[in-house]
Amino acid sequence: MSAPRRRSVTPLAAWSEAADSSGGRALREPSAASQGDTEVGALQDQICRGIFQIEKKSCDVVLTPSRLTWTPIEPESLTDDDKIISQHKMESVELKEVFAVKMKRRRSAGQQKGGTLLGITIFVCIKKGQNKLKDHAIHLSNLSEDYCNVWFKYLKEILNGYFPKRPKVLKVIINPYSHKKEAKQVYYEQVAPLFKLADIKTDITITEHEGHAFSVLKECDIQEFDGVVCVGGDGTTSEVAHGLLVRAQTDAGRDIDSNFMPVRAPLPLGIIPAGSTNVLAFSVHGIKHPGTAAMHIIMGNLQEVDVCSFNSHHRLLQFGFSAMFGFGGRTLALAEKHRWMPSNQRKEFAVIKTLTNLKSEACELSFLPTENAHVAYQKGKRNEDEMNAIEQCNDEDKWQTMQGHFLNISIMAIPCICSMAPRGLAPNTRLDNGSMSLIAVQNSSRADFIKHLKRYGNLKNQFDFPFVKTYTVQEVKIHARIDNGWTETTSEENSNFHSRRPSVLSLKESYPWNVDGNLMEGTSEVHIKIHPQLITLYGRNIEEFDDHTVKCSCL
């Protein structure tokens, strides 16, 4: 007697029987011609194969480790010409773009569990427009519990085992005071449902005061999480990024009150934009869209990003991505004094008031150009030995120094894209190229300075002015000081204004810095260094993303 035939895990005959017994439409094994057509592409490594209704059409569906493919079932009496045409009806979706799979059921009002099985729903991440990501549902209809359970099991195994970068547990920090106090609404209405759909567990902290996020990251068991998500504006994101990096130095035993070599942040950081400008979110996502940011997190899209350290006398003041001293710092300091005003009115008031009282800062500005720093950069990978060599490079002969009066000084490690600056405040900078943009705006008339500011909002070159100097640098040292030997050159237009108000910074005054939308003040000497790819953000390099299309042939 011959040995009994071993039944395959998902035999077509069993599927047909299960479908018939469920009361659904009878399913049949595809014809040999249909199977042969499908096997041309999708059946080589098939895990299972069967029949579902998709968009009211009976389809021959094939699952492989990398793709789900379906072909409408045609009548067996097709002519040869019809069969050739039908080959073009095959549709598919790459499993790397699938982020969730659920059993689809019909439930009565108020019913939480159970219900009539309708089939399986697969949720896919698709690209809409240039940078926007959205979720899209594909419904595979079949009424058999056993039939759908087999498919559901294999789909879940693939999603759980093939994509290790996708997070399972996230620490979520929400700033309820960001912008128009809408961060909680943004998270719970637009983000939380997507996290739930993707079976991501969350531990949520709603901050109560400035520095709360920093304290949470300092004390929490960070090993419990796969990533950290902040919901708020640039200030919130900067505080969380700073907290992650300080935690990394503490855990590594680094003394941040010395000239230390920083280690990488332990977890990736996700940014859900809920602020007013959202420079960081724009720079890493290319768009202010909470759903897009959530999809980058769910899909495990990771982008390494450069970070600056701000030090004074070898003492760490702050980790950050960008900073402004002069006009940018004074505008933020004035806005912070008028927190009682609505966000947009407060910022507009601060800009106008600071322009009215425009003054230059007397500074000594030193910088180490990138081209002289022998940058060792390897795209997509941070080589610790090479990066250490960069940060230890400090040849005094290669430093350049400028002295004078400056209306604004910007140091930016990222492009700083936002709605008000679509090209970016530093359009020649990249997220991970191991250098900073130094933009020094020397003293000029108020009218010329306003022309410079206005150009950030259009496609004209905002640096095409004789008083604007730009450099690609590795390190920057700024020493703000008063020097009676320096003369103030003023234009005829604002000479009366300058005669009524001193143009240099008094030693009794503070030195406000705008670091990622947070106010940092209290020191006249600051040393800024770039640390290549020190933190990982959930997102994707915008330039690379423009060339990458999330393809789903079912759309």
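The values are calculated or read from the model by the stated rules, or taken from the named source; none is laboratory data. Everything quoted here is computed from the prediction, not taken from an experiment. Accessible surface areas use protein heavy atoms only, side chains included; no ligands, DNA or RNA. Shrake-Rupley method; radii C 1.70, N 1.55, O 1.52, S 1.80 Å.
Side notes on the structure shown:
- In terms of accessible area, using a 1.4 Å probe and ignoring ligands and nucleic acids, 453, 534 rank largest first as 453, 534.
- Members of 102/171; 398/529; 398/451 lying beyond 27 Å, as alpha-carbon distances in this model show: 398/451
- Between residue 301 and 539, the built amide H atoms are under 5 Å apart, and every one of these is 5 or more places off in sequence or on another chain.
- Largest-first ordering by accessible area, 1.4 Å probe, given options 513, 399: 399, 513
- Ordered by 1.4 Å accessible area with all protein chains kept, 139, 314 run largest first as 314, 139.
- Computed over the range 144-303, Kirkwood Rh from alpha-carbon pairs, angstrom: 16.8
- Cross-link partners for residue 57 among the lysines, with Cα-Cα distance under 16 Å and sequence neighbours closer than 8 places in the same chain left out: 89.
- Vicinal HN-Hα couplings computed from phi for the range 437-451 (Karplus, 6.51 cos²θ - 1.76 cosθ + 1.60; Hz; Gly/Pro x): 9, 10, 10, 10, 9, 6, 4, 8, 6, 4, 4, 5, 5, 5, 4
- Between the amide H of residue 521 and those of 513, distances stay under 5 Å, these residues lying 5 or more places away or on another chain, with hydrogens modeled in the peptide plane.
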